[in-house]
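A quick write-up on the structure given underneath.
The values are calculated or read from the model by the stated rules, or taken from the named source; none is laboratory data. Quick caveat, the model's predicted, so the values are computed rather than measured. Here Cβ is always computed from backbone atoms with ideal geometry, including for glycine, and neighbour counts include all displayed protein chains. Just so you know, the surface numbers come from the protein's heavy atoms only, side chains and all, with ligands and any DNA or RNA stripped out. Shrake-Rupley method; radii C 1.70, N 1.55, O 1.52, S 1.80 Å.
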Amino acid sequence: MSLPKHLLDGYERYLNKGFVRNRETHERLALYGQKPEVMVISCCDSRVTPEGIFNMGPGELFVVRNVANLVPPYEDTEGQHGTSAAIEFGVGSLKVKHIVVMGHGQCGGVKAFREHANAPMETGQFIGRWIKLLEPAAIAMACMPLDQADDPQLAMEYAGIRQSLKNLMTFPFVEKAVQDETLRLHGAWFDIGSGELRVMNEDSQRFEEVEHPPIKVIAQSAGH
Ligand SMILES: [Zn+2]
């Protein structure tokens, strides 16, 4: 059994371009280990790639991706807490200086929660239970609407990011690192179609567009 051909073709292109270009970085990373300063918690969505969006190479981002970029609250229970394990490793061992919770537009996980808010378990054995993590976000949103209500999907995406940032602070080692000012938490939101990135203002909790020069229009190449 081999991998699909387009993956093997892609790997060959990677070896000859990306890997060759970063060869010394790879050797250094293999020898000395990783020391990324930034952890990103992003969605599994194939259209939202943290390394691509921030133009980062190997060793620069510690990334965990899950359905709807959610952080569960700290739990001292038995169970396989995958995202929490990544947070523990990122903060405890790698000592990252920043954690970015990055949501995005048209998030299917958020959509599933909105459509099944009264019976989230119906959306699947695992997804339903997982996206129930958005329930406190929906309550917070109803109690204190921060965003325009004319786009309830977007408002829920923002609320989910705020809730995940709140949940991050329930991890004792995260809270301590934030208090010690060795760690900063950030919320961000990416628009797939336009490439627009919005960042949460820590004071107002509102999302603001990142200023950047106009996007250059260049002919699209067929290669990767
Ligand atoms: Zn998503």
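Between helix 23-32 and the chain there is an angle of about 60 degrees, using the helix long axis and the longest principal axis of the Cα atoms. Where both bridge residues fall in the chain, DSSP classifies roughly 25% of the beta bridges as antiparallel. Packing-based ranking of 59-65, 27-33, 200-206 yields 59-65, 200-206, 27-33, ordered from highest to lowest mean Cβ neighbour count within 10 Å. As a fraction of the 1.4 Å probe accessible area of the chain, surface on carbon and sulfur atoms comes out at 55 percent. For the chain, the longest principal axis of the alpha carbon atoms and the long axis of helix 152-168 meet at an angle near 80°.
Taking only Cα atoms, what is the 0 to 90° angle, nearest 10, from helix 5-14's long axis to the longest principal axis of the chain? That helix lies at roughly 70 degrees to the long axis. Using only side-chain charges placed at the Cβ, +1 for Lys and Arg and -1 for Asp and Glu, the dipole size of the chain relative to its Cα centre rounds to 680 debye.
A helix-only calculation puts the chain at -9500 deg cm²/dmol for mean residue ellipticity at 222 nm, using -39500 (n - 2.57) for each DSSP H run of at least four residues, averaged over all residues. Each residue, residue 173 and residue 2, gets one label point 7 Å from its Cα in the Cβ direction; the gap between the two is 4.3 nm.
Highest average first, the peptides 100-108, 72-80 ordered by how many other beta carbon atoms sit within 10 Å of their residues are 100-108, 72-80. Here's the picture: charge each Lys and Arg Cβ at +1 and each Asp and Glu Cβ at -1 in the stretch 78-224, and of 165, 92, 195 the one pushed furthest to the positive end of that dipole is 92. Candidates 71, 130, 4 compared by Cα position along the dipole of the chain: farthest toward the positive end lies 4, with charges placed on Cβ. Of all lysines in the structure, those lying under 26 Å Cα to Cα from residue 5, and not within fewer than 8 positions of it along the same chain, are 17. Other residues with beta-carbon under 13 Å from the beta-carbon of residue 145 carry, at +1 per Lys or Arg and -1 per Asp or Glu, a net charge of -1.
Run the reach check for residue 111 against lysines, Cα to Cα strictly under 26 Å, same-chain hits fewer than 8 apart removed. What comes back? Within reach: 132, 166.
How high is the FRET efficiency from residue 192 to residue 126, r the C-beta distance, R0 25 Å, rounded to 0.05? FRET efficiency, residue 192 to residue 126: 0.55. Net charge near residue 133: determine it from the other residues with C-beta under 13 Å of the C-beta of residue 133, scoring Lys and Arg +1 and Asp and Glu -1. My count for the surroundings of residue 133 gives +2. The simple spin-label model puts a point 7 Å past each Cα toward its Cβ; for residue 184 and residue 55 those points are separated by 2.0 nm. Take the chain with all the other protein chains still there, run a 1.4 Å probe, and you get 64 Å² of accessible area per residue. The eigenvalues of the Cα gyration tensor, multiplied by 5 and square-rooted, give the chain an equivalent ellipsoid with semi-axes of 30, 23, 20 Å from largest to smallest.
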